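Below: the structure, in structure tokens.
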Ligand code: NAD
Ligand code: UDP
Ligand code: UDP
């Protein structure tokens, strides 16, 4: 098949930049669209001279006309600190951004993949989380702009699929980390590594017994691409994440140990609606996409620590 022209919204962000890089290596032509809210040109500067790479400054809240074969819709701040900074804008990005990209996909008959999130499960009452769980989400709290925004985006995706026979792919991404996370991003992996490397206290929110499952970015990118390549009858939603589950305290101790840091752990108040436990059931991804994450936490942290050392 001839090479494809692929739009990656949020392409100058953490996951988006890795995805653009991977797709370029496959010989595809990439339109990387971003408003640089949490992403930056730095993340894609090594791709700028590539003849098949084009960077577009644009906000997905506004309509845009482009001709493409596939769309990966990643545009949206992902760190709680950033998505709560202007929560109304986050909801607009999630919902109007999804609507515009769906309209575009419909016009040009492109396949479109939505970067949904484990946050659609909220503070989950079943564990691990399976795709058929509807979630436990506060509709009007501090995290709602993101959680409900992403849930509404999923609704729009499935309605475009039902009403317009659009070829959609919905993936629910669980906590992903790796090089090119913003050092001041506010998420737990980047915070802990930066704190450990600069000798500051490691800030554990709450008692640190809440759990997360951490997926290395290279594994995640493979999952996104494998999902995009599925036949039209498979829409998802499908969980993508690493089923290894760790308490936040375990993560803090691991980072301290791996950086040989003298930093001490301090405890801070737990943010509102912070999920108590999170771990993906990935049996659908394994069965349908033949996908399994291969990078274990220590190995991924090692690479991420090396990256952050170059940032200091
Ligand atoms: P990120 O903040 O690094 O990337 C998001 C990108 O979207 C940034 O480049 C940002 O500038 C851009 N963006 C934000 N609002 C925009 C707008 N209105 N118009 C155009 N561009 C806009 O975050 P990330 O971790 O790379 O996340 C990428 C996607 O994956 C997001 O949709 C996020 O919700 C989803 N996701 C990520 C994780 C994770 O753990 N990293 C987990 C679940 C879901
Ligand atoms: N849209 C876009 N680019 C396109 C086609 C549509 O940005 O190439 C936007 C369009 O402006 C609209 C949204 O996508 O806001 C949904 O489009 P659709 O055609 O599905 O619905 P309608 O325009 O009828 O509301
Ligand atoms: N967290 C923490 N210290 C930090 C940043 C985050 O203890 O400096 C906790 C946070 O309260 C949550 C977990 O780590 O329980 C993951 O937070 P993150 O913001 O990375 O993502 P979330 O999964 O909550 O969206």
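Read-outs throughout are calculated quantities, based only on the coordinates presented, and are distinct from any laboratory measurement. Worth saying up front: this structure is predicted, and the values here are computed from it rather than measured. We place every Cβ from the backbone using ideal geometry, glycine too, and count neighbours over all the protein chains shown.
Considering every Cα-Cα pair within the range 185-242, what fraction, in whole percent, is farther apart than 13 Å?
I get 72 percent for the Cα pairs in the range 185-242 exceeding 13 Å.
Take the Cα atoms of the range 32-125, find their three principal axes, and give me the spread along each one in whole Å, biggest first.
Result for the range 32-125: principal-axis Cα extents of 47, 32, 24 Å.
Using the Kirkwood radius built from alpha carbon pairs, what does the Stokes-Einstein equation give as D for the range 124-192 at 25 °C and 0.890 mPa s, in µm² per second?
166
With a cut-off of 8 Å between alpha carbons and a minimum separation of six or more residues, what is the relative contact order of the range 222-283 in percent?
Relative CO of the range 222-283 lands at 54 percent.
Expressed as an acute angle from 0 to 90° and rounded to the nearest 10, what is the orientation of the C-alpha long axis of helix 14-25 relative to the principal long axis of the chain?
That helix lies at roughly 50 degrees to the long axis.
Quick one: what does P(r) look like for the range 162-212 with 10 Å bins over all Cα pairs, in whole %?
With a bin width of 10 Å, the distribution comes to 19, 38, 20, 13, 9, 2.
7 Å from Cα along Cα→Cβ at both residue 309 and residue 262: what's the point-to-point distance in nm?
With each label point 7 Å from Cα toward Cβ, the separation is 1.9 nm.
Write down the Kirkwood hydrodynamic radius of the chain, to one decimal in angstroms, obtained as one divided by the mean of 1/r over all alpha carbon pairs.
The answer is 19.7 Å.
Can you figure out the FRET efficiency of residue 201 with residue 231, using R₀ = 35 Å and their beta-carbon distance, to the nearest 0.05?
E between residue 201 and residue 231, to the nearest 0.05, is 0.10.
Give, in nm to one decimal, the length gained when the segment between residue 125 and residue 108 is fully stretched (0.36 nm per residue of separation minus the Cα-Cα distance).
2.1 nm
Need the full-extension length gain, residue 276 to residue 67, defined as separation in residues times 0.36 nm minus the C-alpha distance. One decimal, nm.
70.9 nm
What shape does the range 5-71 have by the C-alpha gyration tensor, where a ≥ b ≥ c are the square roots of the eigenvalues, rounded means a/c under 1.5, and otherwise prolate means a/b greater than b/c and oblate the rest?
In terms of gyration-tensor shape, oblate.
Pairing the Cα long axis of helix 144-164 with the longest principal axis of the chain, what angle in degrees results, from 0 to 90 and rounded to the nearest 10?
20
Quote the relative contact order of the range 6-102 in percent (integer), defining contacts as alpha-carbon pairs under 8 Å separated by 6+ residues.
Computed value for the range 6-102: 31 percent relative contact order.
Can you report the principal axis dimensions of the range 233-273 using only the alpha carbons, biggest first, rounded to whole angstrom?
Dimensions of the range 233-273 along the principal axes of its Cα atoms: 53, 28, 12 Å.
By the gyration tensor of its Cα atoms, with a ≥ b ≥ c the square roots of the eigenvalues, what is the shape of the range 216-312: rounded for a/c under 1.5, prolate for a/b over b/c, or oblate?
Verdict is prolate for the range 216-312.
What is the range 90-141 by shape, rounded, prolate or oblate, if you read a ≥ b ≥ c off the alpha carbon gyration tensor as root eigenvalues and call it rounded for a/c under 1.5, prolate for a/b larger than b/c, and oblate otherwise?
oblate
Treating the angle as unsigned and between 0 and 90°, give the value, to the nearest 10°, between the Cα long axis of helix 297-311 and the longest Cα principal axis of the chain.
Taking Cα atoms only, the helix is inclined about 90 degrees.
Evaluate the Debye formula for the range 149-298 with equal point scatterers sitting on the alpha carbons, no solvent, and hand back log10 of I(q)/I(0) at q = 0.12, 0.16, 0.18 Å⁻¹, in q order, two decimals.
Log10 I(q)/I(0), no solvent term: -0.60, -0.93, -1.08.
Please state the relative contact order of the chain as a whole percent: Cα pairs under 8 Å, 6+ residues apart?
RCO, the chain: 17 percent.
Report the full-extension gain for the segment residue 36 to residue 48: residue separation times 0.36 nm, less the Cα-Cα distance, to one decimal in nm.
2.8 nm
Of all DSSP beta bridges in the chain, what percent run antiparallel (nearest 5)?
Bridges in the chain that DSSP calls antiparallel: roughly 5 percent.
Under a point spin-label approximation (7 Å from Cα along Cα-to-Cβ), what is the residue 56-residue 302 distance to one decimal in nm?
Going by the 7 Å Cα→Cβ label model, 4.1 nm.
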